Amino acid sequence: MAEHTSNGHFNSSGLRLKTGLAEMLKGGVIMDVVDVAQARIAERAGATAVMALERVPAQIRAQGGVARMSHPRMIREIIDTVSIPVMAKARIGHFAEAQVLQVLGVDFIDESEVLTPADETYHIDKHAFTTPFVCGARDLGEALRRIAEGAAMIRTKGEAGTGDVVHAVRHMRQIVREMRSLTVLGEEELYNAAKEFRAPYELVRMVAKSGKLPVPNFSAGGIATPADAALVRQLGAEAVFVGSGIFMSDSYTFAEPEEAEIRARAIVRASTHFDDPRILAACSEECQGAMKGLAAAVLDEKELLQTRGW
Amino acid sequence: MSEGSLTVGVLALQGAFDVHAAMLKQLGAHAQLIRRPEQLGGLDGLILPGGESTTFLKHLERDGFFETLAAFVRTKPTFGTCAGCILLARDVERPAQRSFGVLDVTVERNAYGRQIDSTILLTPTSIAGGPLEMVFIRAPKITRTGPEVDILASRAEAPVLVEQGHLMAATFHPELSTDTRIHQHFLDLVSRYKLQ
């Protein structure tokens, strides 16, 4: 196990550096890329960071098999190519993959439900790492459990690889609603709230006081158009992750690079000008179609990625 | 002049604009988030925050924003932190990229390494009140300063907080500390220029 540093406490210098990088990513778009060529396109289009992946979620869903951490060589090549931060995914609970990613110099580790989970009970002890972590959440309790374990950024899970924004919306609304509900509770009610949310009392109390998460809250999972990005931003997401939606035409085929770049550029602009419908209209007009997608409603419960994580 | 009469913009295309705005408000100034070129009118000063400078440039390419902002920073008080410092610099290295070129320094991007090399230091400064906490995140490095540039603090040999006439720049993130002295220093500068 990596050496335990003294950054286990909230507002410690270690956690401030981690959430500090998350602050720098606010308002922007983090894009999934599978190779150096896509990483270049993402940077050129204005991505604030890239997520280095062997397969985007739509492909993982379509092809099946065990989805693991990307090959270190591929991650290294992307790190050497772009000047923006590089993120990579480790399997839930797979702290050895996370150790590898930290040594590679990845700027943010996503302990992600998109990969096949490695542990059915425990998530990674993220305090044990110098590299910051982002984790997915569907509700406030899940978000606070991840923050307790050391996550420096939360992203709502949505349903990755579908191009269907409905679950991203559901999860963002859920978390915002639950945070709002905490702000009207009396001090004595917070202990029970912590029990119901299955989250540490101290974190529940912080949310009750401030009305927001103690770390930046981003959105992911099914965002495929400029309007999708604007929608989740208006619902409270401070930035967006876009995976399959930029570089895929459908679950098997990559979009033409020119088309992907135009889409990427338009989504970047939409994330910044999320509350300006005239600019949104212009961004939407620039795009030539979007990923065909997969309606999340037709997926079986066992096909959902979002139910991974405990 | 009291800070209450000062209106300071924060470029809000992307990055740490919220925390800067919160600190300006805490010090009594009006903070305005700036996302379009026409919003620059009527500002007494401007903060270019941290974030990704390549992303900023992508947004600035449109609607003549780059040119409008370049004209603004030539005459109006402007404070650039991290990515904002890169935008103000005369020369940008590793890789070279477009900038406003008004602050006579050379900046090397990500020169202190990746996120794992990010650090918080307590460093002496010529600003009154003792050493400053400095939060460095994937920080750029100032590798050269021109004769008109005053160095207010350094890390090892490299300047990290500089001033040149109506311009200020930091390679770290004062908005992520609770110490408000640097923002106050900038508001004093804005105030002086408004009176002129």
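Quick notes on this structure:
Here is a yes/no grid of residues against (1) away from every other protein chain (no Cβ under 11 Å); (2) in a helix (DSSP H, G or I); (3) farther than 22 Å from A:Ala270 by Cβ:
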position: B:Leu33; (1), (2), (3): no, no, no
position: B:Thr55; (1), (2), (3): no, yes, no
position: B:Glu67; (1), (2), (3): yes, yes, yes
position: B:Arg74; (1), (2), (3): yes, yes, yes
position: B:Gly80; (1), (2), (3): yes, no, yes
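- Qualifying residue in segment B:117-126 (condition: outside any loop (DSSP other than H, G, I, E, B), aliphatic (A, V, I, L, M), away from chain A (no Cβ under 11 Å) and surrounded by 15 or more Cβ atoms within 10 Å (Cβ to Cβ)): no
- Among the residues of segment A:250-270, just one is of a type in the set (S, T, N, Q) and touching a residue at least 40 places away in the same chain (Cβ under 8 Å), namely A:Ser251.
- Restricting segment A:71-81 to residues that are out of contact with any Lys or Arg (no Cβ under 7 Å at 6 or more places or on another chain) and touching a residue at least 12 places away in the same chain (Cβ under 8 Å), the residue that is nearest to the other protein chains (Cβ to nearest Cβ): A:Ile79
- Counted residues, segment B:36-46 - those being surrounded by 19 or more Cβ atoms within 10 Å (Cβ to Cβ) and within 14 Å of chain A (Cβ to nearest Cβ): 0
- Failed item, numbered, when B:Thr171 is tested on (1) within 14 Å of chain A (Cβ to nearest Cβ); (2) of a type in the set (S, T, N, Q); (3) surrounded by fewer than 24 Cβ atoms within 10 Å (Cβ to Cβ): (3)
- No other residue among A:Ala118, A:Ala67, A:Ala62 is surrounded by fewer than 17 Cβ atoms within 10 Å (Cβ to Cβ) and more than 26 Å from A:Gly27 (Cβ to Cβ) apart from A:Ala62.
- Set B:Val135, B:Val102, B:Val160: member being out of contact with any Phe, Trp or Tyr (no Cβ under 8 Å at 6 or more places or on another chain) and surrounded by 16 or more Cβ atoms within 10 Å (Cβ to Cβ): B:Val102
- Some residue of segment A:252-268 being within 14 Å of chain B (Cβ to nearest Cβ), out of contact with any Leu (no Cβ under 9 Å at 6 or more places or on another chain), farther than 18 Å from A:Ala42 by Cα and part of a helix (DSSP H, G or I): no
- Qualifying residues in segment B:127-157 (those that are closer than 22 Å to A:Pro85 by Cα and in a loop (DSSP other than H, G, I, E, B)) - the one nearest to the other protein chains (Cβ to nearest Cβ): B:Ile137
- Residue ID - surrounded by the most Cβ atoms within 10 Å (Cβ to Cβ), chosen from residues in segment A:21-59 that are away from chain B (no Cβ under 11 Å), among the small types (Gly, Ala, Ser) and farther than 17 Å from A:Gly221 by Cβ: A:Ala52
- When segment A:131-164 is filtered for residues that are under 19 Å from A:Gly211 (Cα atoms), assigned to a loop (DSSP other than H, G, I, E, B) and among the basic types (Lys, Arg), only A:Arg138 remains.
- Filter result for A:Glu238 (of a type in the set (Asp, Glu), touching a residue at least 12 places away in the same chain (Cβ under 8 Å) and not in a loop (DSSP other than H, G, I, E, B)): no
- Restricting attention to segment A:99-115 and to residues that are touching a residue at least 60 places away in the same chain (Cβ under 8 Å) and outside any loop (DSSP other than H, G, I, E, B), the residue that is surrounded by the most Cβ atoms within 10 Å (Cβ to Cβ) turns out to be A:Phe108.
- Residue within segment A:150-167 that is more than 30 Å from A:Ser249 (Cβ to Cβ), within 14 Å of chain B (Cβ to nearest Cβ) and either touching a residue at least 40 places away in the same chain (Cβ under 8 Å) or of a type in the set (Lys, Arg) (or both) present: yes
- Residue within segment A:177-186 that is under 28 Å from A:Ala230 (Cα atoms) and free of Cβ contacts under 8 Å to residues at least 24 places away in the same chain present: yes
- In a residue-by-residue description of segment B:158-175, the property of being within 20 Å of B:Leu122 (Cα to Cα), modelled with pLDDT under 95, more than 13 Å from the chain's Cα centre (by Cα) and not hydrophobic (A, V, I, L, M, F, W, C) applies to no position.
The values are calculated or read from the model by the stated rules, or taken from the named source; none is laboratory data. Keep in mind that this is a model prediction, so the values were computed, not measured. No Cβ is skipped: glycine too gets one built from the backbone with ideal geometry, and neighbour counts run over all protein chains shown.
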